[in-house]
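Following: one structure in structure tokens, then a few remarks.
The values are calculated or read from the model by the stated rules, or taken from the named source; none is laboratory data. Predicted, not measured: the structure shown is a model, and the values here were computed from it. Don't worry about glycine lacking a Cβ; one is built from the backbone with ideal geometry, like all the others, and counts go over all protein chains shown. Remember, those area values only see protein heavy atoms, side chains included, never the ligands or the DNA or RNA. Shrake-Rupley method; radii C 1.70, N 1.55, O 1.52, S 1.80 Å.
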Amino acid sequence: MSAMHKQAAGLTPVEEALARILADARQISGAEFRPLSECRNRVLASAVHSAIDVPPADNSSMDGYALRFEDYATGQRRFVLSQRVAAGAVGLPLEPGTAARIFTGAELPAGADAVVMQEEARAQDGAVEFGEGLRPGANVRPRGQDISVGSLAVEAGTRLSAGHLGLLASIGLPGVPVLPRLRVAILSTGNELVEPGQPLAPGQIYNSNRYMLSAMLEDLGMAVIDKGIVPDEPEGTRRLLAEAAESADVVLTTGGVSVGEEDHVKGAVEALGELQLWKLAIKPGKPLAYGRVAGKPFFGLPGNPSSVFVTFTVIARPYLQRMQGLTQDLRLQEVQAEAGFDWPKAGKRQEYLRGRLETHGDGAVVRLYPNQSSGVLASVAWGNCLVVLPVGKTVNAGEVVRVLLL
Ligand code: AMP
Ligand code: MG
């Protein structure tokens, strides 16, 4: 970094801010048993081990014919069909020297240990003939292949996705203990804000942050406590912040956290608790604040919608996930991609550009939304990733850049 490419003075670097706040994050306690149908995106409270083998017995992975491999190994190629086993049925022990007609998912009759797929067999007159090349155990899914008794199915602290829910169902659990949903209070500050559906008077704009923030929190499986819009005045801001802190595990506000005379959030936080961090070397989103309000963690996100998106995603999200008890995936997945843009001007803050990653034959190119202004929410709606540019970084098209997948 040359002298010209210094970070702006007085701002905390993003990585340092993240490390500090993550060290301060406390996991919520308690656990509640919930049916699987209500567990999507919830965080597993304790590790789950399987009480059964899945599959519970050796079964066929093909429609075909089951036999004793030792018969085949003697050179026998023609087998009398001694029984028929469909999925859900239980066959009789297989008579030596015979084969069983069998279907996908059916348990192998006792004694059978290989299956010839029907495309490789010729059945005629109650018997079947096989070719060469059958291997021991062919087309058999052994008992416990998926999960065996006693093995770990899902680790504690996992956010349950479709795959986990399927797996938990496969081991026969109707529900699991999950951590309580993190209760997140959100507050939109600004005299200019009105809700969608209302007429827009001169000077007003619609409250977009509220909907974006709620959606991002719900995507994380958290419970949103929406405290609505707070006008830009100190008393109301203090009162609503205190109310929010009382009802929730953590409080998020948007707007009102800059240095203007109409920005009352910072003062209210200092009156009710303490400000631990303010102003990061991040773009967009410099005025981000972190602290405590009546003992509860607090994030003051900036007002501009793109700044809300970026600071929530990069800073607040990992913190909230840690509070929610998640032990994995606190950071977004990062990949490298070819820049499909030029960025000639070195910044003094770490930038998070709204981009779209497109994969093609042998790689990936990331393009930028043409207007990266923090007030332009269309960039967020259009994008599927954030390009990270460290302080002082310039980019020539074709260069490799860091990309966070959303
Ligand atoms: P502030 O940080 O309060 O000065 O807000 C910065 C910019 O973001 C201003 O242009 C606000 O009008 C805008 N803004 C603040 N809150 C919201 C919101 N909830 N929805 C849309 N725009 C907002
Ligand atoms: Mg404002």
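Rounded to the nearest 10 degrees, the angle from helix 234-247 to the longest Cα principal axis of the chain is 20 degrees. If you sort the three axes of the alpha carbon gyration tensor as a ≥ b ≥ c, you get a/c of 1.5 or more for region 217-326 and a/b no higher than b/c, which makes it oblate. In the chain, helices alone account for a calculated mean residue ellipticity at 222 nm of -5500 deg cm²/dmol, with every DSSP H run of four or more residues adding -39,500 (n - 2.57). For region 288-357, the gyration tensor built on C-alpha atoms gives an oblate shape. Its axis ratio a/c (a ≥ b ≥ c) is at least 1.5, and a/b is not larger than b/c.
Element breakdown for the chain at a 1.4 angstrom probe: carbon and sulfur atoms account for 51% of the accessible area.
Of all lysines in the structure, the ones whose alpha carbon falls short of 16 Å from that of Lys227, not counting any fewer than 8 places away in one chain, are Lys296. With both residues required to sit in the chain, DSSP beta bridges show an antiparallel share near 70%. Straight-line cross-link partners of Lys345 among the lysines, defined as a Cα under 27 Å from its Cα and at least 8 positions apart when in the same chain: Lys6, Lys279, Lys283, Lys286, Lys393. Near the amide H of Val85, within less than 5 Å, lie the amide hydrogens of Arg101, Ile102, Phe103, all on another chain or at least 5 residues away, with H placed in the peptide plane.
When region 33-187 is described by a simple charge dipole with +1 on each Lys and Arg Cβ and -1 on each Asp and Glu Cβ, the residue from Gly163, Gly131, Val54 located farthest towards its positive end is Gly163.
Label point of Leu81 set 7 angstrom out along Cα-Cβ; within region 137-173, amide nitrogens under 20 Å from it belong to 139-140.
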